[in-house]
Amino acid sequence: GMVVMFAVVIVSNLIFTGRLMSTRKLAGKRGRINIYNTDAVNSACLYGVVHPAVYVNDNAGYNEFIISHELTHYRHRDNWWALVRMLCVCIYWFNPLVWVMYILFNRDLELSCDETVVRRFGMDIKSVYATALISMEEKKSGLTPLCNSFSKNAIEERIRAIMKIKKTSKFAVIISAV
């Protein structure tokens, strides 16, 4: 089972990397990170461990908030954590708790990046950022993003979390420093 999982992950990543390399066009650069436009992705993503880059699709809709979100993944080294997460899934593929960990870990990474973006740009942008996520999800899926067969999907959870972010008070900062 483990060999099959590793084979699937390696082959699918090689195919995806090939699609990215053959369709990407340099759209910009932020620090050491290149930003590419490509039709190979439906929504923005950070991809790569050795030479990570942000990949966006003009048709999916992206803006400064989305780019900042992906760059936050880079600053948090989430590309390396994705590798560790995938190794765990490949080794312990038979354990359902590892699959739950995989899903929850990914959710936590997204929520953390969302919070970082809101704090970086200011509390005033929460609704604008949430609208950007909804717009991107609509273009990606072609459907209403908040309606699916599940009771609660990831984008809805992210938007609720964004809207609940509170500004950190000076008192809380002082207390946590002590």
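The values are calculated or read from the model by the stated rules, or taken from the named source; none is laboratory data. Fair warning: this is a prediction, and the values are worked out from it, not measured in the lab. With ideal geometry, Cβ positions are generated from the backbone for all residues, glycine too; neighbour counts draw on all protein chains shown. We work out accessible area using only protein heavy atoms, side chains counted, and drop any ligands, DNA or RNA first. Shrake-Rupley method; radii C 1.70, N 1.55, O 1.52, S 1.80 Å.
So here's what we get for this one:
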read-out: Lone qualifier among 89, 8, 49 - being among the β-branched types (Val, Ile, Thr), part of a helix (DSSP H, G or I) and open to solvent by 20 Å² or more (accessible area, probe 1.4 Å); value: 8
read-out: Residue that is modelled with the lowest pLDDT [pool: residues in region 58-67 that are surrounded by 17 or more Cβ atoms within 10 Å (Cβ to Cβ) and either in contact with a strand residue (DSSP E or B) (Cβ under 7 Å, 6 or more places away or on another chain) or in a helix (DSSP H, G or I) (or both)]; value: 60
read-out: Residues of region 162-173 satisfying the condition of being open to solvent by 40 Å² or more (accessible area, probe 1.4 Å) and modelled with pLDDT of 65 or more; value: 163, 164, 166, 167, 168
read-out: Filtered residues of region 28-42 (kept if assigned to a loop (DSSP other than H, G, I, E, B) and open to solvent by 30 Å² or more (accessible area, probe 1.4 Å)); value: 31, 32, 39, 42
